[in-house]
Amino acid sequence: MLKKPGAIIFDLDGVLTDTSEYHYQAWKHLADDEGIPFTHEENDEHLRGVSRRESLMYIIRGRQYSEDQIQEMMDRKNNYYHELISHMSPNDLVPGGRALLQDIRDAGIKVAIGSGSKNCRMVLDLLQITDLLDGIADGNSVVNGKPAPDLFVYAAGLVNVPVAECLGVEDADAGIEAIKSAGMQLWLLAHKSVSTEQIRLCQHSQICTCKIYSTSS
Ligand code: BG6
Ligand code: MG
């Protein structure tokens with residue numbers, strides 16, 4: 001049974017907005033440039049919630065690139081991603097998202113973001129929800145990204161709520177692991193059928209299997 005939390009810490013990409021699809025399209029563009037096979041299924045299986053560098057390492061695995069080339073490819077992917085998100089607006093927020101965040105605040109619960117993205121603040125501004133947030137932990141906040149607990153622990157610190165009183169909301173395996181290791185309650189938003197591994201990780205947690213918006217997977 002879920003206890004009333006002192007803070008709710010939301011992942012951003014794939015939870016409050018469908019930017020996961022834009023991350024996929026930007027990586028796909030890069031993979032096509034480089035002649036590397038890369039599918040939507042691989043993206044959903046291996047890249048959701050994973051940092052920019054780790055995502056690239058998965059895509060180029062087994063191929064030799066210098067650090068300069070790796071850096072250039074990460075920058076190129078980020079430029080493609082910027083092009084894709086440049087048209088985002090409050091309409092790209094999950095339906096009912098603004099009202100949900102407002103209701104949580106009205107209930108006296110802090111609202112924070114725990115996102116591994118360095119583009120997090122830009123996306124929050126495009127969605128026009130920055131004013132509803134008590135804290136933002138993003139890809140620039142900690143050294144060790146998800147699945148390490150650091151990002152969620154940092155977010156809890158920003159809103160001054162003990163981790164045991166926080167609820168984390170996630171769509172990706174790396175994030176589920178991060179929330180569980182941080183010692184928080186977990187709410188999983190599942191985009192596809194829930195795997196046995198996820199059920200194991202999610203014990204004593206809430207699993208929401210209804211799609212809150214459509215994804216192409
Ligand atoms: C996560 C996304 O939120 O941020 C990943 O789920 C993405 O797909 C990661 O790779 C890093 O994002 P960015 O914007 O810093 O490249
Ligand atoms: Mg996510």
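The values are calculated or read from the model by the stated rules, or taken from the named source; none is laboratory data. Because the structure is predicted, anything quoted here is derived from the model rather than measured. Cβ coordinates were reconstructed from backbone atoms using ideal geometry, including for glycine residues, and neighbour counts include every protein chain displayed.
Yes/no matrix, rows are residues, columns are (1) out of contact with any helix residue (DSSP H, G or I) (no Cβ under 9 Å at 6 or more places or on another chain); (2) assigned by TED's automatic domain parsing to the domain that holds TRP27; (3) not hydroxyl-bearing (Ser, Thr, Tyr):
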site	(1), (2), (3)
ASP75	yes, yes, yes
PRO95	yes, no, yes
LEU100	yes, no, yes
LEU132	no, no, yes
ASP138	no, no, yes
Problem - Candidates ALA148, ALA107, ALA155, ALA99, filtered to the one that is farther than 20 Å from TYR22 by Cβ and crowded, with 22+ Cβ neighbours inside 10 Å - result: ALA155
Problem - ILE85 vs. criteria touching a strand residue (DSSP E or B) at 6+ places or on another chain (Cβ under 6 Å), modelled with pLDDT of 95 or more and not aromatic (Phe, Trp, Tyr) - result: no
Exercise for the section: Being under 16 Å from ALA182 (Cβ atoms), among the polar types (S, T, N, Q) and touching a residue at least 40 places away in the same chain (Cβ under 8 Å) is the filter here, so list the residues in the range 103-158 that pass it. Expected result: SER115
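Residues checked against (1) within 16 Å of ligand 2 (Cβ to nearest atom); (2) of a type in the set (A, V, I, L, M, F, W, C); (3) within 11 Å of the chain's Cα centre (by Cα); (4) part of a helix (DSSP H, G or I):
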| site | (1), (2), (3), (4) |
| --- | --- |
| TYR24 | yes, no, no, yes |
| MET57 | no, yes, no, yes |
| GLY62 | no, no, no, no |
| TYR65 | no, no, no, no |
| GLN69 | no, no, no, yes |
Practice task
Output the residues belonging to the range 80-93 that are surrounded by 13 or more Cβ atoms within 10 Å (Cβ to Cβ) and of a type outside the set (Asp, Glu).
Solution key: TYR80, TYR81, HIS82, LEU84, ILE85, MET88, LEU93
Practice task
Look through the range 1-45, keep the residues that are surrounded by fewer than 18 Cβ atoms within 10 Å (Cβ to Cβ) and among the aliphatic types (A, V, I, L, M), and return whichever of them is farthest from SER89 (Cα to Cα).
Solution key: MET1
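Please determine, by comparing only the residues of the range 71-111 that are of a type in the set (Gly, Ala, Ser) and assigned to a helix (DSSP H, G or I), which one is farthest from ASN144 (Cα to Cα).
The extreme case among them is ALA99.
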